[in-house]
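**Q** Mind looking over this structure? Questions follow.
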Amino acid sequence: MNPRSLRFRIAAWYAGLLAGALLIFGVSVYLGLERYLYGNVQRTLTAECRTIGTQLLSQHPFKRTNWLETEIEEAYAPEVNNHFIRVIQQGKGIVYVSGAPKDGSFDPSQVPLPNAEDRSRKVRVEGKRLLVEGLEFTTPDGTHFTVESGAPYQQIEVVLHGLLLTFAIYMPFIIFVAVGSGYWLMRRSLQPVDEITRRAEGITSTNLSERLPVISTGDELERLSVSLNRMIERLDDAFQHINRFSADASHELRTPLTILQLELEGIAQSHRLNPSLTDQIGSALEETHRMSHIVESLLAISRLDAGEAKIEMTRLDLGQLAASTTEQMKLLAEEKSIRLTSTVDSDVYVEGDRSHLQQVVVNLVANAIKYTQDGGEVEMRVRRNGNTAVLEVSDNGAGIPDYALPHVFERFYRADKARSRESGGAGLGLAIVKAICTAHGAELNVSSREGKGSVFSIELPLLDVPKNDEVRPAVRKI
Ligand code: ADP
């Protein structure tokens, strides 16, 4: 569970808000019920006091001694109802107090006398809690009485405790169920986002024709995927435009350059030129050769990128092809006294275009020779690794600085511009390698340490070894 994910954060917010709402609800219900229950008992007790005060006390002075006691007990039966009633006459003291209740839970004579400002109070008598209400009365003859009525309120506490317990058990359960189902729902509704993200990750400049899945739900996600698809379409158009532009430009430049080259060669062969002019024309010819090399390379890359290059996929032995190509480059290595070796496994069959894969080997080995000092070593290896065929070109030359590594496959990128240009490089060799690898669905990697050397590797899906070493053509044009 990722705490920064949208799912988690919404579920956490949801849980927080729900817990807050339930807490407010619980507290209000608890306080409301408490008020209601206590209020009810208080009202009953006050009514009792008032009846005693208004109906009985006014007659009290004129009656016999036990009259008040008999009247109260007949009317309210406090002992039977577990109630407490007390009448206090100012200056005379207690004129009536009810007897011990039937359940013997408290002794009424132990109930503390009221003080002037505390008529409604909670008292504790022998561990029993009582709610006592008191009212003052003055009879027509001017006598002051205080009538008190009380009852145990344990029952209210039991109800309130029960309510608290119910809340304590059910609230976490409700929150858990609500958050759990909320999280599950979020997961379900955000699943398309995962799918869109996964597919969007896979879309690069090489497969811009692919589109994201559109879930027809009519909601924001559908709108988002439709908008993203429109954006990818626009990007696709822009990329195609750029590719077409460089392909067209290179194509258009080819003919004038060839004419220029031929004209210059014609002039250079003329005997009537003085030596300095011959030198100048020679140098101009060199530059036109360089230019046509660049134009040809650009055209090749653009066609490969646009999927317009003619690629004939055949089953071929990568080891044999790479070894024979490397062999042809021995002379180039000898010029710099570089030891060029090839080590290949037998029967490493892949599906690929022969001339393009040769071009890959040529470019990688030529680079390795170019960027390795005299007397260095370059090795070309082809091996099987599980289900893949691996072609590796390694050298112990100059290496590539860390900052340049991510860019070496870009067009016109040269890590060491001066050295690269000196040796005729324009920064397109590796871009061609990359375009060919992409067209073959091959993986291209480089690792290098400055001053120690570099390793370029290409991984292609390995094919089964054919039964009779015959090469079966499986021509595919992509
Ligand atoms: P260039 O024509 O300049 O060689 P590439 O596209 O073939 O262009 O290579 C791009 C850059 O990558 C080169 O300029 C060089 O700095 C670096 N590079 C390529 N191969 C090697 C290698 N084997 N050793 C060191 N640097 C290399």
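The values are calculated or read from the model by the stated rules, or taken from the named source; none is laboratory data. These numbers come from a predicted model, not from an experiment. All Cβ positions, even for glycine, are placed from backbone atoms using ideal geometry, and neighbour counts span all protein chains on display. Areas reflect the complete protein model, heavy atoms only, side chains present, ligands, DNA and RNA absent. Shrake-Rupley method; radii C 1.70, N 1.55, O 1.52, S 1.80 Å.
**Q** If I model a spin label as a point 7 Å beyond the Cα along the Cα-Cβ vector, how far apart are those points for Thr341 and Asp194 in nm?
**A** Between Thr341 and Asp194, the label points sit 5.0 nm apart.
**Q** Within the chain, what whole-number % of the accessible surface is contributed by carbon and sulfur, with the 1.4 Å probe and all protein chains included in the calculation?
**A** 55 percent
**Q** Moving on. How large is the accessible surface per residue of the range 310-378, computed with a 1.4 Å probe and reported in Å² as a whole number?
**A** Working: 3120 Å² over 69 residues.
On a per-residue basis, 45 Å².
**Q** Could you state the accessible area per residue of the range 220-306 in Å², with a 1.4 Å probe and every protein chain left in place?
**A** Value returned for the range 220-306: 67 Å² of accessible area per residue.
**Q** Tell me the per residue accessible area of the range 157-211 using a 1.4 Å probe; a whole number in Å² is fine.
**A** Normalised by residue count, the accessible surface of the range 157-211 is 69 Å².
**Q** Using +1 on the beta carbon of Lys and Arg, -1 on that of Asp and Glu, and nothing else charged, what's the dipole of the range 1-153 about the Cα centre, debye to 20?
**A** 1060 debye
**Q** Using a Förster distance of 25 angstrom, determine the FRET efficiency expected from the C-beta separation of Phe176 and Arg223, and round it to 0.05.
**A** After rounding to 0.05, the efficiency reads 0.15.
**Q** Work out the charge dipole of the chain with +1 on the Cβ of Lys and Arg and -1 on the Cβ of Asp and Glu about the Cα centre, then indicate which of Asn396, Thr197, Asn367 is farthest towards its positive end.
**A** The residue sitting most towards the positive pole is Thr197.
**Q** Also, quick follow-up: Tell me which DSSP H helices of the chain clear both cut-offs, 15 Å or more of axial length from alpha-carbon atoms and a mean Kyte-Doolittle hydropathy of at least -0.5.
**A** 6-51, 154-202, 220-269, 275-305, 354-370, 429-440
**Q** Could you work out the longest stretch of the chain that avoids the trypsin sites (Lys or Arg not before Pro) located in DSSP loops with at most 13 other Cβ atoms within 10 Å?
**A** Working: sites that count: Arg4, Lys63, Arg64, Lys92, Lys102, Arg272, Lys310, Lys452, Lys467, Arg476, Lys477.
Maximal segment without exposed cleavage sites: 103-271.
**Q** Cβ under 13 Å from Gln89's Cβ, Gln89 left aside: what net charge do those residues give with Lys, Arg +1 and Asp, Glu -1?
**A** -1
**Q** Residue separation times 0.36 nm, minus the C-alpha to C-alpha distance between Phe25 and Ala268: what's the value?
**A** 77.5 nm
**Q** Let me ask you something else. Hey, which of these cross-link pairs are over 21 Å Cα-Cα: Lys92/Lys128; Lys310/Lys330; Lys310/Lys434; Lys336/Lys434?
**A** On the way: Lys92/Lys128 28 Å; Lys310/Lys330 29 Å; Lys310/Lys434 16 Å; Lys336/Lys434 27 Å.
Violating the 21 Å Cα-Cα cut-off are Lys92/Lys128; Lys310/Lys330; Lys336/Lys434.
**Q** Among Phe84, Ala47, Phe8, whose Cα sits farthest toward the positive end of the charge dipole of the range 6-160 (+1 at Cβ of Lys/Arg, -1 at Cβ of Asp/Glu, about the Cα centre)?
**A** Going by the charge dipole, the pick is Phe8.
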